[in-house]
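The structure appears right after this line, and notes come after that.
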Amino acid sequence: MQNNNRKNIAKGSGEWAVEAKGVVKTFGENRAVDGVDLKVPTGSIYGVLGPNGAGKTTVIRMLATLLRPDAGSASIFGHDVVKEPHIVRQLIGVTGQYASVDESLSATENLIIFSRLLGLGKAEAKNKAAALLEEFSLTEAAKRPLKHFSGGMRRRLDLAASLISQPPLIFLDEPTTGLDPRTRNQMWDTIRRLVKSGSTVLLTTQYLQEADELADRVAVIDHGRVVAEGTVNELKASIGNSSLHLGVQHSRQMEEARRIIERVLNVRAAVSTEGGKITAPMADVDRMTDLLIALRESDIQLAELSVQKPSLDEVFLTITGQGAGTSEESNNKSEKAVEV
Amino acid sequence: MDSMQIKPAHERKLRNKTSFRQSVKNSLIMAVRGLIKIRRTPEQLFDVTLQPIIFTLMFTYIFGGAISGDVQSYLPVIIPGILVQTVITTSIVTGVQLREDMDKGVFDRFKSLPIARIAPLAGALLADSIRYTIATVLTFTMGYIMGLRPEGGLGYVLIAALLVIGCAWAISWIFAFFGVIARTASSVQGISMIVLFPLTFLSNAFVPAETMPDWLQWFVKINPISHLVTAVRDLINQGSIGWDFTISLVGAAIIVAIFAPLTVRTYMRKA
């Protein structure tokens, strides 16, 4: 049902909610965003996935007219973010990584001020604030100062404030970072409901599970570049149906083990630095026997071994090489591998 | 939320500009926000309540005898001087608070809303007019208690009050600019004091310009603060609106014309 709804909306407007081409932002020497292309279909949830410092927030800030791109172009529903910023602002809601609400005001006052700024009358603003507080189960806390709000309540209020004008596009910058699992699930439900009512959502996250759970399409960003893009299933399929996790007893044999895996399974294997583990896609579990024999022949002793269905974690690890901090070369390679 | 459908982008009426009316409306709403904040933290009004009382008492009794012979005849000279000095010093706080405010996440939301770009700044500055009003009322009240009986009458005192508040508002754009370009709130305080201290003291606010050396008189006479002080003296002591009144207003207008767009542009560029 949800999918039907989404399709209708996409057909109705027949345009991209977000279209970015070669967007660049440099801070001094640092190219925080280094030529990002994004296309977000109307009515979908789009996930931008990447580690800390990958440039996710900078991308969002440029799309939301908070930062001016140094090069490239971006448009929201066909409106250029640099040339028509005021129009773009009428179409978006932004919920930042740090709650963008007024600390010294109460929840109600916050929502009323934002509503009034968006052109609602006094009575309208009051009703809107009450309705949104109810919707986000904040009514009880409405009059309390924000100082006493928990992280989850703050995020909910922040999201409520972004929804006042019912914008067709909502940016959520790491909406669940720092939330406990229960609050996180509530936030997910809210995001799903938003899309049901016709919104497009672009969210950034470092949690692969979150992207897996919510996003229709995902762009993986690393070092300011999109290193992979596609539906969650496409990304998963690109690294095989299952994946192999393998740890060796002597870390000096790690490289050798990796080479053997690559030779026997004929795939690319990645070494995760922190876990001291090798991961590799595994299309055919039957090849396992060959691999074990090959490892025994080379006298490599195993510490652990498992075959798992791929999670986005593996996708991420494979695409960005060693999780964090990769060479340019491996980035390019994986990009090719993932384009489906 | 389930029941209501969100209007798709292409069905919306969109405008790429804010009208003048919307700008004024947005600024007023932002001013309301500023007032709520002041109401929540009344302790930030300490300076505007205590400074007029302490300074008026101090300066009048310290300088009164030396400059005008006795306290009574010094009051018409010193009250306008103290008034201008206090209210304009108060306007520094605008810049400092703006800096603190801008470091908070809520300014990101203001920037992402389809509102007039000037509104978050103009609103904050407008709300601060309440501070100038408090300082003005208290200074005049102190003066009255100490024996000042303005010859010009209440009407002219009111005009004088409005003139000072208006000029302080204009000058606060300068400090707002410092607030936008500075990296920390305390550096705003620092730069502002360095600018303001010579301006208020190298004027005729406390001492008649004629008693100063020639080279200093030259500066004191072109100092805009001197013109504002003279304008206030003319108003409350003689009930007359003179050349200094015009100069003060024109000066205030020029400051706003230069610093308001400059501040807004810098504020927009700094993300």
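When residues in segment A:26-57 are screened for being of a type in the set (D, E) and either within 14 Å of another protein chain (Cβ to nearest Cβ) or under 14 Å from A:I221 (Cβ atoms) (or both), 2 of them pass. Within segment B:124-164, the residues that satisfy the criterion of being polar (S, T, N, Q) and either more than 30 Å from A:G119 (Cβ to Cβ) or within 14 Å of another protein chain (Cβ to nearest Cβ) (or both) are B:T136, B:T139, B:T141. For segment A:144-155, the count of residues that are of a type in the set (G, A, S) and closer than 27 Å to B:L98 by Cα is nonzero. Within segment B:227-249, can one find any residue that is farther than 23 Å from B:G153 by Cα, out of contact with any Asp or Glu (no Cβ under 6 Å at 6 or more places or on another chain) and at pLDDT 90 or above? No: zero hits.
Out of B:V264, B:V188, B:V195, B:V220, one residue alone is modelled with pLDDT of 90 or more and either buried (at least 18 other Cβ atoms within 10 Å of the Cβ) or within 30 Å of B:A124 (Cα to Cα) (or both). It is B:V220.
Residue count for segment A:192-207 satisfying the condition of being surrounded by fewer than 23 Cβ atoms within 10 Å (Cβ to Cβ) and among the β-branched types (V, I, T): 1.
Just one of A:I164, A:I170, A:I191 is in contact (Cβ under 8 Å) with a residue 12 or more places away in the chain, of a type in the set (V, I, T), part of a strand (DSSP E or B) and within 13 Å of chain B (Cβ to nearest Cβ); which is it? Checking each option against the conditions leaves just A:I170. So, in segment B:69-96, of the ones that are in contact (Cβ under 8 Å) with a residue 40 or more places away in the chain and polar (S, T, N, Q), which residue ends up farthest from B:V188 (Cα to Cα)? This residue is B:Q72. Residue under question is B:N204, and the condition is that it be buried (at least 17 other Cβ atoms within 10 Å of the Cβ) and not in a loop (DSSP other than H, G, I, E, B); does it hold? So B:N204 does not fit the description; no.
Within segment B:1-36, track down each residue that is at the interface with another protein chain (Cβ under 8 Å from one of its Cβ atoms), surrounded by fewer than 16 Cβ atoms within 10 Å (Cβ to Cβ) and not in a loop (DSSP other than H, G, I, E, B). The answer is B:H10, and nothing else. Applying the set (1) facing another protein chain (nearest Cβ under 10 Å); (2) surrounded by fewer than 16 Cβ atoms within 10 Å (Cβ to Cβ); (3) closer than 24 Å to A:Q166 by Cα; (4) not small (G, A, S) to B:R39 leaves exactly one unmet item: (3). Here is a check on your reading of the model: is A:I112 touching a strand residue (DSSP E or B) at 6+ places or on another chain (Cβ under 9 Å), farther than 17 Å from A:G22 by Cβ and surrounded by 24 or more Cβ atoms within 10 Å (Cβ to Cβ)? Taking the combined requirement at face value, the residue does not satisfy it. The set of residues in segment A:82-119 that are part of a loop (DSSP other than H, G, I, E, B) and within 7 Å of chain B (Cβ to nearest Cβ) comprises A:E84, A:G96, A:Y98, A:A99, A:S100, A:V101, A:D102, A:E103, A:S104, A:L105, A:L118. When A:R252 is tested against (1) out of contact with any Leu (no Cβ under 7 Å at 6 or more places or on another chain); (2) part of a helix (DSSP H, G or I); (3) closer than 26 Å to A:D189 by Cβ, just one condition goes unmet, and that condition is (3). When the residues of segment B:103-123 are filtered to those that are more than 12 Å from chain A (Cβ to nearest Cβ) and of a type outside the set (V, I, T), the one that is surrounded by the most Cβ atoms within 10 Å (Cβ to Cβ) is B:L121. Taking the conditions exactly as written (surrounded by fewer than 18 Cβ atoms within 10 Å (Cβ to Cβ) and either more than 22 Å from B:L35 (Cβ to Cβ) or under 28 Å from the mean Cα position of the chain (by Cα) (or both)), does A:V88 satisfy them or not? Criteria not met by A:V88. For the structure I just gave you, tell me whether B:V188 is in contact with a Lys or Arg (Cβ under 6 Å, 6 or more places away or on another chain), within 22 Å of B:R131 (Cα to Cα), touching a residue at least 60 places away in the same chain (Cβ under 8 Å) and assigned to a helix (DSSP H, G or I). So B:V188 fits the description; yes.
The values are calculated or read from the model by the stated rules, or taken from the named source; none is laboratory data. Because the structure is a prediction, the values reported are computed rather than measured. Every residue, glycine as well, gets a Cβ built from its backbone with ideal geometry; the counts of neighbours run over all protein chains shown.
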